[in-house]
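Written out below as structure tokens is the structure these notes cover.
The values are calculated or read from the model by the stated rules, or taken from the named source; none is laboratory data. All values reported here derive from a predicted model rather than from experimental measurement. No Cβ is skipped: glycine too gets one built from the backbone with ideal geometry, and neighbour counts run over all protein chains shown. Accessible surface areas use protein heavy atoms only, side chains included; no ligands, DNA or RNA. Shrake-Rupley method; radii C 1.70, N 1.55, O 1.52, S 1.80 Å.
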Amino acid sequence: MYDRFNRNINYLRISVTDRCNLRCTYCMPEEGIKLLRHEDILSFDEIRDFTDLAVANGVTKVRITGGEPLVRKGIVTLVRMISGIKGIMDLSMTTNGVLLKHFAKDLRDAGLQRVNISLDTVDPDKFAVITRSGNLNDVFEGIDAAKAAGLLPIKINCVICESKEEIEAKKVMRYCKDNDLEIRYIRQMDLVKGHFSMVDGGTGGDCSVCNRLRLTSNGKLKPCLFSNTEFDIRKLGYGEAIKLAIELKPACGSVNETGAFYNIGG
Ligand code: SAM
């Protein structure tokens, strides 16, 4: 699927829940968010059928995200349903890693190929402050479990304020080197203010090569993380939503006042 700027749109990110078991200061308010109603959340069958059609239209790469994908009940079953779609060459998940030790092997067996794990600090006290509740050791155990299960390569998403020379970022880099993990630095963004930048170590944020579509857990297909544009797959039908999202994918991001990282998934 080529858009009008000749970008080959072959990457679908699916947010499978708006819920999260952490409250990272840069992502979610401390009191949490107004949760979606159960009936608004896409069912597994809807997600599978939509993904199937997206793959028939040229998607080859799928990432499962959230909220926190591992808090969606039955996530292993959903991964198995998605991995059964012929034509997906790369199936990955972005997770905070907290629950990963319980799921890594089953996810691998269900067809997940690799994981990105969010980690902004290797200091337990700082981790508890950033996440407003998290236990860093759970993430370390999750990383070990992902390695043992063969969910490779493991990429670490490290959010920074300004520069990868910040002390915490350098410590995360050392940890990654010592543990054979790839690192990507994501500058803290503000979608509402239109503050976004390129991901160091990835292609995110570079509009000229953006190949992504994003599906929210309540069925809004977004052609751009940094724009309000979205298409309701239940109202429009899957095929029409995909067609419109490709046709109207903006050349470049601007602002997004209708979504946030916790419901789009980054
Ligand atoms: N819960 C999962 C996790 O923590 O990886 C997946 C969802 S989370 C929203 C996806 C990614 O978005 C994480 O790597 C997170 O650090 C990043 N993120 C969240 N808010 C952000 C912000 N304001 N600026 C930059 N990245 C952000």
Per residue accessible area of segment 111-260, 1.4 Å probe, in Å²: 45
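For segment 1-144, compute Rh as the Kirkwood radius over C-alpha pairs and then the Stokes-Einstein diffusion coefficient at 20 °C and 1.002 mPa s; write the answer in µm²/s, rounded to an integer. Write down the numbers at each step before the final one.
Details: Rh = 16.2 Å.
Translational D for this selection: 132 µm²/s.
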Theoretical gain in end-to-end length, Lys73 to Glu240 [0.36 nm per residue, Cα-Cα removed]: 57.2 nm
List, largest first, the extents of the alpha carbons of segment 50-121 along their principal axes, each in whole Å. 39, 23, 18
Restricting to Cα pairs below 8 Å that are 6+ residues apart, what does the relative contact order work out to for the chain? Please round to a whole percent. 22
Carbon + sulfur, % of accessible area of the chain - ligands and nucleic acids excluded, 1.4 Å: 51
What number does the chain give for Rg over Rh if you use C-alpha atoms and the Kirkwood radius? 0.94
Listed highest first by mean packing, meaning other Cβ atoms within 10 Å per residue, what order do 9-19, 44-54 come in? 9-19, 44-54
Just the number: Rg to Rh for segment 118-187, Cα atoms, Kirkwood Rh, two decimals. 0.95
With the radius of gyration and the Kirkwood radius both derived from the Cα set of segment 212-266, what is their ratio Rg to Rh? 0.93
